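Let me begin by presenting the structure, written as structure tokens, before commenting on it.
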Amino acid sequence: MSLKKYREKRNFNKTKEPRGDKKTGEDRLYVIQKHQASHLHYDLRLEMEGVLRSWAVPKMPPTEPGIRRLAVEVEDHPLEYANFEGAIPEGEYGAGTVEIWDKGNYALLERKEGKLMIDIKGQKLKGIYYLVRFKERKNWLFFKKKRAEPTIGLNK
Ligand code: MN
């Protein structure tokens with residue numbers, strides 16, 4: 001959707017409203033919330049099309065290459081959820097405590113059916129990650145890209 005009309009009506013030197021300069025693939029919201037529910041898990045959320053696409057990761061998300069984590073796709077959450085921390089009352093869905101474990105931005109580098117390549121700019125997670133879906137399932141694999149092998153010193 002174009003923001004042309006929205007911008008025409010406003011003088012951004014005078015109003016503090018956002019101009020909406022965010023472009024696809026740049027600086028989208030990224031957050032992981034540690035959710036101590038009946039089972040501890042980590043909720044990975046990525047801003048896409050105005051919502052937070054979400055995955056529940058049963059084990060601690062990998063900060064280094066070589067570790068693959070299951071990430072179970074769950075329902076989209078509103079963008080504001082990225083700031084949520086606190087207690088969900090007993091008897092309610094997801095009852096327990098939610099705390100922000102990592103937060104920042106990400107760039108969408110590649111998007112295909114069942115495959116995402118993203119550049120995460122968080123505090124704990126930094127670098128290029130993949131989300132790859134299992135065939136026709138809600139299950140994905142979440143892992144960090146391997147570093148390129150160093151090539152220096154081979155020609156001596
Ligand atoms: Mn959760």
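Normalised by the empirical 2.2 N^0.38 Å for globular proteins, what value does the Cα Rg of the chain take?
Normalised by 2.2 N^0.38 Å, the Cα Rg of the chain equals 1.23.
Label points 7 Å out from Cα along the Cβ direction at residue 27 and residue 49: separation in nm?
Result: 2.4 nm between the two label points.
Taking 7 Å along the Cα-to-C-beta vector as the label spot, tell me the residue 17-residue 97 distance in nanometres, rounded to one decimal.
Computed distance between label sites residue 17 and residue 97 equals 4.0 nm.
For region 69-156, report the convex hull volume of the alpha-carbon atoms normalised per residue, in Å³, without decimals.
Value for region 69-156: 154 Å³ per residue.
Can you find, among 109, 56, 95, the residue sitting farthest towards the positive end of the charge dipole of the chain, where Lys and Arg contribute +1 and Asp and Glu -1 at Cβ?
So the residue furthest toward the plus end is 109.
To the nearest 0.05, what FRET efficiency results for residue 113 and residue 4 with a Förster distance of 30 Å applied to their C-beta separation?
Step by step, r from the Cβ atoms, then E = 0.45.
Please go through the residue pairs 16/121; 16/126; 34/135; 124/146; 4/115; 103/135 and name each one whose alpha carbons sit more than 20 Å apart in this structure.
Going by Cα-Cα distance, 16/121; 16/126; 34/135; 4/115; 103/135 fall outside the 20 Å limit.
Over region 12-143, what is the relative contact order in whole percent, taking alpha-carbon pairs under 8 Å and six or more residues apart?
Once divided by the residue count of region 12-143, the mean separation gives 24 percent.
For the chain, with all protein chains present and a 1.4 Å probe, just round the carbon and sulfur fraction of the accessible area to a whole percent.
Here carbon and sulfur together make up 52 percent of the probe-accessible area.
The values are calculated or read from the model by the stated rules, or taken from the named source; none is laboratory data. Computed from a prediction, not measured in an experiment: that's the story for all the values here. Cβ: placed from backbone, ideal geometry, glycine included. Neighbour counts: every protein chain shown. Each accessible area value is taken on the protein alone, full model and side chains, heavy atoms only, with ligands, DNA and RNA left out. Shrake-Rupley method; radii C 1.70, N 1.55, O 1.52, S 1.80 Å.
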